[in-house]
Amino acid sequence: MDTKSRKFSHPWYLKAVALVLAAACFSRGACQIFDLAGKASAGGFMPTLAESYENDSAVFCDTLLLEDTALHVATKYEGEESIQAGKFLTQSDLRMAYYQLVSEAFYNYSYNYDTEGVETAYELTTPGGTYWQDALNELTDQSTFALSRSEDGKFIMRREGPEAPEPLARFESENQQQIQQIPQELIRIQLSDYRWQMRNLQTQPALRYYIRHGEKTFANASEEEAVQAQQAEIFLVMKKGEVQIQMGESRVEGDIYDEHFSYQSGGAFNTQNSYGWLSTQLRESLLSYDEEDTAYIWFTDDYPLQMQEQVTANREMTIQYLSQIGGAFLITLFLLGYLLRTCGRKRKGDEIRLYFIDRVFTEVLLALGGLAVTGYVFSILLSWQYQEPDLLALCSWAVFLVITAILLSFGRRFKARTFWKSCLLRHFFQLLAAPFRKAARAFRELSRQEFTVKRAMLFTGLYGSFCLLLAIVFPLSIALIIAAVLFVGKMASAFQKVREGVSLVRQGDLTHQIDLGDEQFFAGLADDVNSIADGLHNAVESELKSERMKSELITNVSHDIRTPLTSIITYADLLQKEGLESPNASRYCQVIGQKAQRLKMLTDDLFEVSKAASGNIQVDLAPVELCSLIRQGMGELSDKMEQSGLDFRIHLPAQGVWVKADGKLLWRVVENLLSNVFKYAMPSSRVYLDVDEQEGKAAFTVKNISAYELNVDPSELMERFMRGDASRHSEGNGLGLAIAKNLVELQGGVFTITVDGDLFKATVSLEKIQPPVKEAPAAPEEHPQIG
């Protein structure tokens, strides 16, 4: 495989082609975005993904804006003549214009734009400690202005009522001409606003409106046509305070004077959240009407068709642009990924090759990349300002090549594991970290010391400080010396106890425990010595027990082998003396065969317990229904149970208990436990077989009364060749429980034995699982013979 993989190389010209293609795709995508933004800003095209005109934000906004414009013009203006006659000049407009004139003069004075004739405004900065804007606002609200006409018919504004305070009075006298021109400037602004709004209404021939506000009617359609407005696809109708607004399938209606009125219940009115300000402006225009006023605004059927065609065309063009932009950038990312994967190597397995750029500090390349991106942003702004897409394409090529070179350099550094080594920050940290490492090393060394050593060092430091501070106070210094002597003496006493304890343990007294009482000096050391003594004591006890168990094992094996072997030798000798024609020959042969079979079974059990202990048995774990397995086994052993004379009390759950086990091995465990009952249970006693659930485990328990006195530890009963019958007159060889324990552990379970007087209790605990859905547990096909 390695030979085949090395055939696929990545030569430099292939990487160069990939780099050029990636740069071209990136430049193409950037130019497409530039072109899309240019068409959108030029008008006539608005990017959208909406399928219906009512869901298009631009159409939604333009439609509501036209309706609001009609409502606004109808209430605010009556025509150019009334505007020129000053009919709409209000005190609030005059005050606001006056306030802006004084504020502008103050700002010009503050920033040295104009220092002549405005010093009086600056005096408003601290009149009575009040900020100048608050003071000016308060003075303006208290002012009243009257209008009069000059000889040429123009309006002139003059103050009426109380005279202005001294700073403003001087300002008004120095700027009288500008103040007198305020009314004419306001009229000019109102005329410009009226003409602009009327042009907006007249540029949409599909817009129809009939609005009656008080005694004034503003309309471009008849009242008869207005009655049919609600039959249009797009309309706004307001009568007696009730408003209905419809745009296609989206509609809202309600009492416009209700403070809870909301547009959030009408389709597109709910989805166009970004234009909530326009909905609010439309409601404010409606609130300027009285209940007696009426307004009918609608669009002819040509408008929805025209808007739908425009939205469909814009959507198709938007999808086309997005597909081209997305495809270009996806290809760019794919080629860039290929370059990053193959950078630094010509073939797989080659060493990473580093170039000059890979030895430049990382921070320098990051700064270069930041400059490239910043320059690219400026190039986008310049290209947009001068509409030069070629400049954007050229800059896109240059920036992409620079950024790609930096990324490939980083890729080679990561592969060669030199990225951090080439960082200036690393060298800076190393320079700063040297003293901190030394301090940390010293602290670690101190933290490894005994707690008493730390305390002694702390006490020494504090003692020295107190001696320096209290050197001039002789009695206090004497007291400190006495305290130090007592402290050191207490430490020495504790150390002596620890020393004596270590000596006793070294001499073999492993049960000795060092008791320091309430003294904390060397407490940790004393606990460690006590733990070492306990460990040595446990190790010695374990070794003695192991030697005793080995001796008993040899004795038991010798006894179990010698007993049948003695019988074989004896009866073979009798058979040899009496000959095969002896009437007892058949009985001698039968005894020899039985004892030989017993030796064979002993050998088989030894071999099996050895395999189980070493784990050299195949274990096939599968779902097994434990209760069914026990019932089937009890059925097969029913004859033997009747012959035993024992009273079996079986308690199994009716619903069954499923465990994860090997069916054959689990049956061998159950069979060994029952065989143990047949051999060692007291005749005519009760035997309990229980299955229950305990904390996610399934437990099978066997309890019986032993026919022999159980004067051994439960753990020893699970040792090989150990029997409850110490005289070894009963059947068996003492391997059944050892085999059962090893088999249960191989299946991930726990095998425990409990002895209480003559009561023997064996428990097999296995992992409980959920019943399988399809498969059912199969009964074991064959059962190995027990030992």
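The table for this structure:
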read-out: Some residue of the stretch 67-89 being of a type in the set (S, T, Y), assigned to a helix (DSSP H, G or I), modelled with pLDDT of 80 or more and closer than 30 Å to Q177 by Cβ; value: yes
read-out: Selected residue (criterion: nearest to Y296 (Cα to Cα)) from residues of the stretch 246-258 that are without any contact (Cβ under 8 Å) to a residue 40 or more places away in the chain and assigned to a strand (DSSP E or B); value: Q246
read-out: Entirely in the stretch 644-710, the strands (runs of 3 or more DSSP E) that have 3 or more residues that are surrounded by 15 or more Cβ atoms within 10 Å (Cβ to Cβ) and modelled with pLDDT of 85 or more; value: 658-661, 686-694, 697-705
read-out: Test: residue in the stretch 742-749 that is farther than 19 Å from A622 by Cα, at pLDDT 60 or above, of a type in the set (A, V, I, L, M, F, W, C) and buried (at least 19 other Cβ atoms within 10 Å of the Cβ); value: no
read-out: Only one of G337, G344 that is free of Cβ contacts under 8 Å to residues at least 24 places away in the same chain and in the same structural domain as V399 (by TED's automatic domain parsing); value: G337
read-out: Residue in the stretch 383-400 that is in contact (Cβ under 8 Å) with a residue 24 or more places away in the chain, among the β-branched types (V, I, T) and either part of a helix (DSSP H, G or I) or exposed (fewer than 13 other Cβ atoms within 10 Å of the Cβ) (or both) present; value: yes
read-out: Failed item in (1) surrounded by fewer than 13 Cβ atoms within 10 Å (Cβ to Cβ); (2) at pLDDT below 80; (3) over 33 Å from the mean Cα position of the chain (by Cα), with S279 passing the rest; value: (1)
read-out: Qualifying positions in the stretch 205-245 - within 17 Å of T280 (Cα to Cα) and without any contact (Cβ under 8 Å) to a residue 24 or more places away in the chain; value: E242, Q244
read-out: Test set (1) farther than 15 Å from K761 by Cβ; (2) in the same structural domain as V750 (by TED's automatic domain parsing); (3) at pLDDT below 85; (4) not hydroxyl-bearing (S, T, Y) - A612 fails condition number; value: (2)
read-out: Residues that are within 19 Å of C25 (Cβ to Cβ) and among the acidic types (D, E), drawn from the stretch 365-405; value: D390
read-out: Test: residue in the stretch 667-682 that is in contact with a Leu (Cβ under 9 Å, 6 or more places away or on another chain), assigned by TED's automatic domain parsing to the domain that holds N742, touching a residue at least 60 places away in the same chain (Cβ under 8 Å) and closer than 20 Å to Q770 by Cβ; value: no
read-out: Test: residue in the stretch 311-323 that is surrounded by 12 or more Cβ atoms within 10 Å (Cβ to Cβ), in contact with a helix residue (DSSP H, G or I) (Cβ under 7 Å, 6 or more places away or on another chain) and under 14 Å from A405 (Cα atoms); value: no
read-out: Options I331, I403; residue that is buried (at least 16 other Cβ atoms within 10 Å of the Cβ), under 40 Å from the mean Cα position of the chain (by Cα), free of Cβ contacts under 8 Å to residues at least 60 places away in the same chain and part of a helix (DSSP H, G or I); value: I403
read-out: Residue identified as surrounded by fewer than 18 Cβ atoms within 10 Å (Cβ to Cβ) and under 24 Å from V20 (Cα atoms) among L408, L366; value: L366
read-out: Enumeration of residues in the stretch 537-560 that are surrounded by 14 or more Cβ atoms within 10 Å (Cβ to Cβ) and either under 20 Å from V502 (Cα atoms) or at pLDDT 70 or above (or both); value: H537
read-out: Candidate set: the stretch 631-643, residues that are polar (S, T, N, Q) and more than 55 Å from the chain's Cα centre (by Cα); chosen: the one surrounded by the most Cβ atoms within 10 Å (Cβ to Cβ); value: S638
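The values are calculated or read from the model by the stated rules, or taken from the named source; none is laboratory data. As the structure is a computational prediction, the values presented were derived from the model and not from experiment. FYI the Cβ positions are ideal-geometry reconstructions off the backbone, even for glycines, and counts take in every protein chain you see.
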